[in-house]
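A short worksheet on the structure shown next.
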Amino acid sequence: MNDEDFWLRYRERSGIEGTISQAVRTCGARISRYIGSKKMALQNTLIGLAINVTRLGVWLSGTPLAKTRKSKLETLSAA
């Protein structure tokens with residue numbers, strides 16, 4: 001964990017996990033509404049588009065990002 005390469009990979013991974021979480025919470029990406037791979041691919045493409053449009057709107061409005069929570073251990077070590 002002291003390696004800089006680890007933190008670069010970790011930052012990328014946390015961004016991907018955040019995107020998946022947003023897709024599941026806002027668009028219901030866990031459940032497919034259609035049967036067939038072409039319709040499912042279209043649904044996933046539209047979910048990706050919806051996430052990008054949502055993020056663009058938040059960015060353009062200047063809404064600040066939510067602060068990430070601090071673990072209890074991190075809070076104790078800071079004191």
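Below are the figures for this structure:
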item: Between helix 4-27 and the chain: long-axis angle, C-alpha atoms, 0 to 90°, nearest 10; result: 40
item: Order of exposure, largest accessible area first, which applies to I35, I20 with probe 1.4 Å; result: I35, I20
item: Computed E for N2/S61 - FRET, C-beta separation, R0 35 angstrom, nearest 0.05; result: 0.35
item: Between helix 37-61 and the chain: long-axis angle, C-alpha atoms, 0 to 90°, nearest 10; result: 50
item: The chain - charge dipole about Cα centre, Lys and Arg +1 at Cβ, Asp and Glu -1, debye rounded to 20; result: 500
item: Exposure of L56 as accessible area (Å², to 10), given a probe of 1.4 Å and all protein chains; result: 90
item: Accessible surface, the chain, averaged per residue in Å² (probe 1.4 Å); result: 95
item: Kirkwood Rh, Cα atoms: Rg over Rh of the chain; result: 1.11
item: Placed amide H near A29: partners under 5 Å, 5+ positions off or other chain; result: V24
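The values are calculated or read from the model by the stated rules, or taken from the named source; none is laboratory data. All of these numbers come straight from a predicted model, not from anything done at the bench. All Cβ positions, even for glycine, are placed from backbone atoms using ideal geometry, and neighbour counts span all protein chains on display. Note: accessible area is taken over every heavy atom of the protein model, side chains too, but ligands, DNA and RNA are not part of it. Shrake-Rupley method; radii C 1.70, N 1.55, O 1.52, S 1.80 Å.
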